[in-house]
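S.K.: What follows is a single structure, and I will ask about it in a moment.
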Amino acid sequence: MRDDLAVESLSALAQEDRLAAFRLLVKAGPKGLASGEIAEKLAIAPTRMSFHLATLERGGLVVSRREGRRIVYSVSFDRMRGLLEFLTEDCCAGHPEICGVSRRLNEEDC
């Protein structure tokens, strides 16, 4: 991953509501959650949640799809995996197991 893409993704996560939404979407897995469900679960106003989800999407960390009248968001596991690998690629002088990242994350793991 390029430095500029890592900064973009990390910047998107650098806010409490966005981080909470991202973590909730990670738990939801590839199926994702509708924006209204996310707002409800996190007790955030739907318009404010939409703003935060758009920021996460611009940061490449989530993708959206329309299902009828709902917009469903899910994590971009490729981007998340790339960011995690970027952050740990030089971990502990080439010994990533020290950082607890000795195995690759797979979408099936979520």
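S.K.: Out of all the residues in region 65-87, which are loosely packed, with under 15 Cβ neighbours inside 10 Å and more than 16 Å from residue 5 (Cβ to Cβ)?
M.R.: 65, 66, 67, 68, 69, 70
S.K.: Next question, about the same structure. Being at pLDDT 95 or above, closer than 15 Å to residue 61 by Cβ, part of a helix (DSSP H, G or I) and in contact with a His (Cβ under 6 Å, 6 or more places away or on another chain), is that true of even one residue in region 6-17?
M.R.: yes
S.K.: Being under 15 Å from the mean Cα position of the chain (by Cα), in a strand (DSSP E or B) and on the phi < 0 side of the Ramachandran plot, is that true of even one residue in region 49-62?
M.R.: For region 49-62, residues under 15 Å from the mean Cα position of the chain (by Cα), in a strand (DSSP E or B) and on the phi < 0 side of the Ramachandran plot: present.
S.K.: Please enumerate the residues belonging to region 1-53 that are hydroxyl-bearing (Ser, Thr, Tyr), crowded, with 17+ Cβ neighbours inside 10 Å and farther than 17 Å from residue 71 by Cβ.
M.R.: 9
S.K.: If a residue must be within 13 Å of residue 41 (Cα to Cα) and in contact with a helix residue (DSSP H, G or I) (Cβ under 8 Å, 6 or more places away or on another chain), how many such residues does region 19-31 contain? So that I can check it myself, show each step before the final result.
M.R.: Kept after step one, since they are within 13 Å of residue 41 (Cα to Cα), are these residues of region 19-31: 20-25, 27-28.
This time we only want the ones that are in contact with a helix residue (DSSP H, G or I) (Cβ under 8 Å, 6 or more places away or on another chain), so: 20-22, 24-25.
Qualifying residue count for the region: 5.
S.K.: Need pairs with beta-carbon distance below 8 Å; first residue modelled with pLDDT of 75 or more and within region 80-105, second surrounded by 15 or more Cβ atoms within 10 Å (Cβ to Cβ) and assigned to a loop (DSSP other than H, G, I, E, B); sequence gap 6+ or separate chains.
M.R.: 80/61; 82/1; 83/1; 83/61; 84/101; 85/1; 86/1; 88/101
S.K.: Looking only at region 54-64, which residues are in contact with a Phe, Trp or Tyr (Cβ under 7 Å, 6 or more places away or on another chain) and either of a type in the set (Ser, Thr, Tyr) or exposed (fewer than 15 other Cβ atoms within 10 Å of the Cβ) (or both)?
M.R.: Passing the criteria: only 64.
S.K.: Would it be correct to say that residue 43 is small (Gly, Ala, Ser) and under 12 Å from the mean Cα position of the chain (by Cα)?
M.R.: Values: small (Gly, Ala, Ser): yes; under 12 Å from the mean Cα position of the chain (by Cα): no.
So residue 43 does not fit the description; no.
S.K.: Moving to a separate point now. Could you tell me which numbered condition residue 68 fails, if it satisfies all but one of (1) at positive phi; (2) in contact with a helix residue (DSSP H, G or I) (Cβ under 6 Å, 6 or more places away or on another chain)?
M.R.: (2)
The values are calculated or read from the model by the stated rules, or taken from the named source; none is laboratory data. Small disclaimer: the values here were computed from a predicted structure and weren't measured. Neighbour counts run over all protein chains shown; Cβ positions are idealised from the backbone, glycine included.
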